[in-house]
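A short worksheet on the structure shown next.
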Amino acid sequence: MLTSAAPLTLAELTVALDAIGGFEACPFIAVAVSGGPDSLSLTLLAERWARQRDGKLIALTVDHRLRPESAEEARTVGGWLAERGIAHRVLEWCGPKPATGIQAAARAARYRLLADCCRAQGCLHLLTAHHREDQAETHLIRERAGSGIDGLAGMSAVREMPGMRLVRPLLAVPKARLLALLAAERQPFLSDPSNRNPVFERARLRLGESASDEATIERLTAALRGHGRQRIARGQELDRWLAISVSLHPGGFAVLDPAAIGRVEAELAERLLGRVAACIGGAPYPLRQERVARLRAGLLQQPERARTLGGCRFVPWRGHLLVIRELSGAAPPVPLSPGTELAWDRRFAVMPPPSAMPGLVLGYLGQSEISGGERLPATRRQSELPRLIHAVLPAVWDEAGVVAAPCLGYSRAGARALPMIAFHPLNPLSRAGFTVV
């Protein structure tokens, strides 16, 4: 690593954050800080950036509890930050750990803990310190895995998440400049031994220096820029076709114009179908490309047949395609606790008021044994929605039967303080820009 690099400056971080935009006038930001040089450098400069704007910063450290010394390391980081007057909190990953795939599981747990903490505190922006070499490694890993253009474009500077966003302002900054900053600040830092463990792919890349020499990084950076421009253009085209051909309903289903599948190129049509399926099906992982391609081919060859993909059913209806949740793959019904919000089936945000009726259960109409034989009173909304959709509409019930089916305009006489049920999929249909007003 170069030792003659100039330290990253507050002015340069300001330029990067201004380019990203979307912050409040008095920003409240969080920084994920492990205690390593990258995250500590970002924390020091980001705190000054927020303070200049009468904002505030909280540093968040996740203790994965995978090493005996991790708790002491988290306390050490807290001590360093306390000396600088920076607020700090430790989040612990509790419970059993998997025997395999530990890095992927730890990453998922880390981002879940960080995002939950940010949302609980009303913080809209979580900053991470991924830098230029991290970006180059990501490109190499995805290149070896045979990723397409979207994957080869690497990490994006902004990733939107439910109720907040992930911000990566250092993707163009060499690691050497972050080390130089800490040296100038006389700030110690921690070293994670897993970064040198050849069991992990990123560690093998670092040990082999395949993404460390300047010529290689310059070549990869140029490739990343090119793929990034293509990803932006492709994303804009996809969003345009989604707006033209897809309608979402608050009940958690979509209506798709099947003509769009044949009007656009195969690759764009498959991305459109995959995006709709991910939104309605709530899949936690990207859908396999070959399965999406088979769906497209089937819809074109036999448009009268219903098909399934990613926890969804694609059903022909009056010249359109209904995309509805596949009941067999849906989350089971859950009891509701007054005043306790929850995200259900990766698609619905449910907010029971503190005064909600006791004994309520949330599920889909087709999941309730009680509601299975119950004929709800006719409402105008019932006649507006296809009958086949009713079974996959959210409802609440108790021992006496269905209490409310909001999308059908039904609530039992005398029912009070019913929960609010909002379609808020974890996989949004569009990656539209994050705006603070």
Pairs where the first residue, in region 177-193, is at pLDDT below 95 and the second is open to solvent by 50 Å² or more (accessible area, probe 1.4 Å), C-beta under 7 Å, 6+ apart: 192/34
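For residues that are assigned to a strand (DSSP E or B) and farther than 20 Å from residue 325 by Cα, scanning just region 386-401, find the one that is most open to solvent (accessible area, probe 1.4 Å). Outline the logic, then answer.
Quick first cut of region 386-401, residues assigned to a strand (DSSP E or B) only: 394-398, 401.
When the remaining residues are screened for being farther than 20 Å from residue 325 by Cα, the result is 398, 401.
Working: 398: 28, 401: 1 Å².
The residue in question is 398.
Let me confirm something: among 166, 170, which residue is at negative phi and in contact with a Phe, Trp or Tyr (Cβ under 9 Å, 6 or more places away or on another chain)? Quick ask: steps written out before the conclusion?
Values: 170 fails: in contact with a Phe, Trp or Tyr (Cβ under 9 Å, 6 or more places away or on another chain).
Testing whether each residue is at negative phi and in contact with a Phe, Trp or Tyr (Cβ under 9 Å, 6 or more places away or on another chain) leaves just 166.
If the requirement is being at pLDDT 90 or above and not acidic (Asp, Glu), which of these qualifies: 377, 333?
Values: 377 fails: at pLDDT 90 or above.
Result: 333 is the single residue among 377, 333 that is at pLDDT 90 or above and not acidic (Asp, Glu).
In this structure, is residue 274 closer than 19 Å to residue 388 by Cα and within 23 Å of the chain's Cα centre (by Cα)? Show your work before the answer.
On the way: closer than 19 Å to residue 388 by Cα: no; within 23 Å of the chain's Cα centre (by Cα): yes.
No: the conditions fail for residue 274.
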Among (1) in a loop (DSSP other than H, G, I, E, B); (2) within 23 Å of residue 92 (Cα to Cα); (3) among the charged types (D, E, K, R), the one test that residue 38 misses: (1)
Residue pairs meeting the criteria (Cβ under 6 Å; at least 6 apart or on separate chains; first touching a residue at least 60 places away in the same chain (Cβ under 8 Å), in region 384-397; second open to solvent by 20 Å² or more (accessible area, probe 1.4 Å) and among the aromatic types (Phe, Trp, Tyr)): 386/317
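Counting just the residues of region 262-281 that are over 27 Å from residue 424 (Cβ atoms) and either in contact (Cβ under 8 Å) with a residue 12 or more places away in the chain or outside any helix (DSSP H, G or I) (or both), which one comes out least open to solvent (accessible area, probe 1.4 Å)?
In the first step, residues of region 262-281 are kept if they are over 27 Å from residue 424 (Cβ atoms); the result is 262-267.
Filter once more, keeping what is either in contact (Cβ under 8 Å) with a residue 12 or more places away in the chain or outside any helix (DSSP H, G or I) (or both): 262, 264-266.
Values: 262: 55, 264: 21, 265: 141, 266: 39 Å².
My answer is 264.
Can you find a residue in region 142-151 that is buried (at least 21 other Cβ atoms within 10 Å of the Cβ) and not charged (D, E, K, R)? Talk me through it step by step, then tell me what you get.
Keep residues of region 142-151 that are buried (at least 21 other Cβ atoms within 10 Å of the Cβ), which gives none.
Scanning region 142-151 turns up no residue that is buried (at least 21 other Cβ atoms within 10 Å of the Cβ) and not charged (D, E, K, R).
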Residue in region 104-121 that is loosely packed, with under 14 Cβ neighbours inside 10 Å, under 25 Å from residue 172 (Cβ atoms) and either out of contact with any strand residue (DSSP E or B) (no Cβ under 6 Å at 6 or more places or on another chain) or not charged (D, E, K, R) (or both) present: yes
Pairs, first without any contact (Cβ under 8 Å) to a residue 40 or more places away in the chain and under 12 Å from residue 431 (Cα atoms) in region 228-246, second open to solvent by less than 60 Å² (accessible area, probe 1.4 Å) and assigned to a helix (DSSP H, G or I), C-beta under 6 Å, six or more apart: 238/271
Flag if residue 45 is among the hydrophobic types (A, V, I, L, M, F, W, C), part of a helix (DSSP H, G or I) and touching a strand residue (DSSP E or B) at 6+ places or on another chain (Cβ under 6 Å): no
Count of region 320-343 residues which are surrounded by 15 or more Cβ atoms within 10 Å (Cβ to Cβ) and among the charged types (D, E, K, R): 2
Pair list, Cβ under 9 Å, 6 or more apart: region 113-124 residue on the phi < 0 side of the Ramachandran plot, other residue β-branched (Val, Ile, Thr) and surrounded by fewer than 19 Cβ atoms within 10 Å (Cβ to Cβ): 124/436
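Hey, does region 282-292 have a residue that's surrounded by 13 or more Cβ atoms within 10 Å (Cβ to Cβ), assigned to a strand (DSSP E or B) and among the aliphatic types (A, V, I, L, M)?
Step one: list which residues in region 282-292 are surrounded by 13 or more Cβ atoms within 10 Å (Cβ to Cβ), which gives 282-283, 286-287, 289, 291-292.
Going one step further and asking which of them are assigned to a strand (DSSP E or B), we end up with none.
No, region 282-292 contains no residue that is surrounded by 13 or more Cβ atoms within 10 Å (Cβ to Cβ), assigned to a strand (DSSP E or B) and among the aliphatic types (A, V, I, L, M).
The values are calculated or read from the model by the stated rules, or taken from the named source; none is laboratory data. Everything numeric in this text was worked out from a predicted model, so none of it was measured. Reconstructed Cβ throughout: ideal geometry from the backbone, glycine too, with neighbour counts over all protein chains shown. Quick note on the areas: whole protein, heavy atoms, side chains included, nothing else; ligands and nucleic acids left out. Shrake-Rupley method; radii C 1.70, N 1.55, O 1.52, S 1.80 Å.
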